Amino acid sequence: MKFYIFSLLLLLCLNLSAQQVYLGIYVMPATQIELKQANLSYGIKIDSIVPDSPAATSGLKKNDIIYKINSILIRSEIDLQRFLTHCTPDSTIEIFISQNKEFKSIIVALADRNDLHKELYIYNYIQNPWLFIGMNVEPISQGLAHLLKLETGMLILDIRENSIASFQGLEAGDIIISINDMPTVNENSLTKAMNLGLQNQPMKFYLWRNSEKFTKLVSLSNRLTNDNNQNSDEIFIVGPDIYDVELYSYSKEKINILLNKPKSELEEDIERLENEIYKLRRKIGNRQ
């Protein structure tokens, strides 16, 4: 059974040998025409920016031309790579740009590259939460529902090895009757119940197994959180594999914003991020 592959974008640095900091841009050489229009003799152009990245939140934009960072002239992408090699995730840098033919300097607080994992984890969870935790499911048939004397439910076809689902005791063959008292009749209702369950963890899975009905509590934090350190405004989630040691927290405001986004927008965001991965892989391949 094939599972959805969750892409973890390792973006930019751009330093490929020691990717520790995250800026969130993809750059390309600026043409002579673009440099002339920007009243510059050198610089690199921002081709795209990752939403919610340090670059995006600071005000950098697509097509900006970077010509200096701090006191370092940026004539090529290599100059940017060399500069970022010496930065740490808590560095604050000043980027000098030409934006719409105006010269500006923008202060950017670099982040750890794992911040991008954090964004992708929550995007992927909200789109397909049951796949994220490691389950493949389908609605039970009317015949099976009648035989088991169930009104409805979602049958777990299989469980991904080393996933959150396997770690927390869910099994292939289990039937999910409800989550937090919300009936699960199809993929849409299962997704809705698990998304609402983000803010009410652990989630209460009401299950049928071996002719018995019972409740199992499922936490997206993989039980790695410490109750004494939890904040009521924070929601915890770990990566989709039990070997993911990084535990991320999200504000309830952040979760609500994402939950209210149309699915089409979430899909566009993920598609764009996957395109960034493809570009970065090509970039790495061309240098080997």
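Where a number appears in this text, it was derived from the coordinates with a stated rule and is not lab data. Quantities reported herein were computed from a predicted structural model and do not represent experimental measurements. Backbone-built Cβ (ideal geometry, glycine too); neighbour counts: all protein chains shown.
For ASN256 and SER211, compute 0.36 nm times the residue count separating them, minus their Cα-Cα distance, and round to one decimal in nm. Could the numbers behind the result be given before it?
Details: separation 45, 0.36 × 45 = 16.20 nm, distance 3.76 nm.
Value of the extension gain: 12.4 nm.
Report the gain in length on full extension from SER264 to GLU187: 0.36 nm times residue separation, minus Cα-Cα distance, nm rounded to one decimal.
Working: separation 77, 0.36 × 77 = 27.72 nm, distance 1.67 nm.
Extra length from SER264 to GLU187 when fully extended: 26.0 nm.
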Stretchable slack from ALA109 to GLN142, in nm (0.36 nm times residue separation minus alpha-carbon distance): 6.3 nm
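Nearest 0.05, what FRET efficiency do LEU150 and GLU34 give at R0 = 41 Å with Cβ-Cβ as r? Don't skip to the end; give the middle numbers.
On the way: r = 64 Å, r/R0 = 1.55.
E(calc), rounded to 0.05, equals 0.05.
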Global geometry of the stretch 152-226, whether rounded, prolate or oblate, following the gyration tensor of its Cα atoms and the 1.5 cut on a/c: oblate
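Provide the three semi-axes, in whole Å and in decreasing order, of the ellipsoid equivalent to the stretch 114-262 as defined by the square roots of 5 times the Cα gyration tensor eigenvalues. All intermediate terms of the calculation are to be shown ahead of the outcome.
Numbers: eigenvalues 145, 49, 38 Å².
They are 27, 16, 14 Å, listed from largest to smallest.
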